[in-house]
Amino acid sequence: MKGNTLTLENAHLRVRVDPQGGALLSCFSLQHQQPVLREGRGEKPGDCALFPMLPVANRVAGNRFNLREQEVTLPRHQADDTFFLHGDGWLKRWEVAARGRDSCSLRLRSQHPCGYNYLAVLDYLLDGAALKALVTITHLGERPMLYGCGFHPFFAFNARSTAQFQASGYWPEGEQHLPLAWQRTIPPQADFSSAQYGQDAWLNVGYSGWSGRAVVQHDVMRVTLFAQTPWLMLFRMPGESFLCLEPQTHPVNAHNLPGQPGLRLLAKNECCRFALQIRVDEG
């Protein structure tokens with residue numbers, strides 16, 4: 001963990017913000033004396049409680065896509081040898097634009113030869129027993145460009161925890177962690193329509209028709225995720241005490257799907273926004 005982290009706190013929650021990657025290093029319930037999100041040290045990308053994904057969420061097949069009959073080749077970065085994984089917002093240092101006792105605002109300017117040229121503003125706010133996050137992306141390039149984004153929280157999750165959410169179908173994981181063909185039938189280990197712990201095993205799948213609400217239940221604490229999008233990613237690893245439920249504006253590899261669902265084509269000075277809320281209640 002590097003210096004200059006920010007601590008946001010109110011009567012319900014304490015959050016540590018790291019300008020490196022615009023990440024949260026922790027989110028702790030003061031009332032329940034339990035972590036809401038797993039704690040990270042910020043020693044490498046993804047070693048955190050939550051990070052933003054922009055201007056791409058997850059992976060794009062071949063690390064390229066077509067835009068207006070021209071091929072766009074995405075950059076690579078130090079966190080992945082093959083893909084522009086989760087974009088670059090989680091890897092760069094953000095400027096602290098404003099801060100208060102229970103809120104802060106971060107800014108990031110980024111530009112790539114492929115056409116990404118943007119200013120991002122990331123706002124974190126503690127509102128009672130809820131953590132709210134909002135990312136706003138403004139395109140500054142002369143040529144229009146496709147944008148997507150999301151949030152990647154690591155919810156605290158152990159053998160006594162359950163998760164529950166509704167979805168209409170899912171994409172199984174294929175080679176290079178890219179999705180296989182969409183399926184309406186969700187297998188038991190990936191079906192959280194009824195609350196369950198699931199299996200302590202690798203799972204990395206995307207859902208469509210998500211209701212925009214997911215609940216992580218602990219012994220005495222209920223954590224609810226809200227986001228206005230039909231697309232949710234789930235990621236877990238065996239032996240780890242976290243469950244990632246990642247709302248994003250588009251499905252994985254939307255850049256190469258018919259109609260490029262969920263992505264926004266922004267002209268110069270146009271913007272897109274995406275918000276997340278995590279609320280803590282009595283169990």
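So the values come out like this:
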| quantity | calculated |
| --- | --- |
| Amide H contacts of F192 (H built 1.01 Å from N, under 5 Å, at least 5 apart or other chain) | F165 |
| Simple label model, 7 Å out from Cα along Cβ direction - Q199 to D123, nm | 4.3 |
| R0 of 25 Å, Cβ-Cβ distance Q166-L265: FRET efficiency to nearest 0.05 | 0.25 |
| Largest-first principal axis extents of the Cα set of segment 13-111 (Å) | 54, 26, 22 |
| Solvent-accessible area, 1.4 Å probe, carbon plus sulfur percent, for the chain | 47 |
| Cβ-derived FRET efficiency at R0 35 Å, K44 paired with D191, nearest 0.05 | 0.60 |
| Computed lengthening from R213 to T73, 0.36 nm per intervening residue step minus Cα-Cα distance | 47.0 nm |
| Relative packing of 270-277, 253-260, which averages over residues the other C-beta atoms within 10 Å, highest first | 270-277, 253-260 |
| Relative contact order (%) - the chain, alpha-carbon pairs under 8 angstrom, separation at least six | 18 |
| Distance between modelled label sites at F226 and L180, nm, 7 Å Cα→Cβ extension | 3.6 |
| Where segment 51-152 is the region considered: accessible area per residue in Å², 1.4 Å probe | 41 |
| Gyration tensor (Cα) of the chain, equivalent ellipsoid semi-axes in angstrom | 28, 24, 16 |
| Distance-filtered residues of segment 207-223 - backbone nitrogen under 16 Å, label point 7 angstrom along Q31 Cα→Cβ | 216-223 |
| Segment 132-198: relative contact order as a whole-number percent, Cα under 8 Å and 6+ apart | 30 |
| Spatial separation of Cα centroids for segment 48-73 and segment 152-203, in angstrom | 22 |
| Per DSSP, loop trypsin sites (Lys or Arg not before Pro) in segment 171-235 with at most 10 further Cβ within 10 Å | R184 |
| Normalised contact order of segment 169-283, rounded percent, pairs of Cα under 8 Å and 6 or more residues apart | 23 |
| In order through segment 6-17: 3J(HN,Hα) via Karplus (6.51 cos²θ - 1.76 cosθ + 1.60), integer Hz, x for Gly, Pro | 10, 10, 9, 8, 9, 5, 10, 9, 10, 10, 10, 10 |
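The values are calculated or read from the model by the stated rules, or taken from the named source; none is laboratory data. Given the structure is predicted, the values throughout are model-derived calculations rather than measurements. Please note: Cβ atoms are built from the backbone with ideal geometry, for glycine as well, and neighbour counts cover all protein chains shown. Accessible surface is based on the protein model in full, side chains and every heavy atom, while ligands, DNA and RNA are left aside. Shrake-Rupley method; radii C 1.70, N 1.55, O 1.52, S 1.80 Å.
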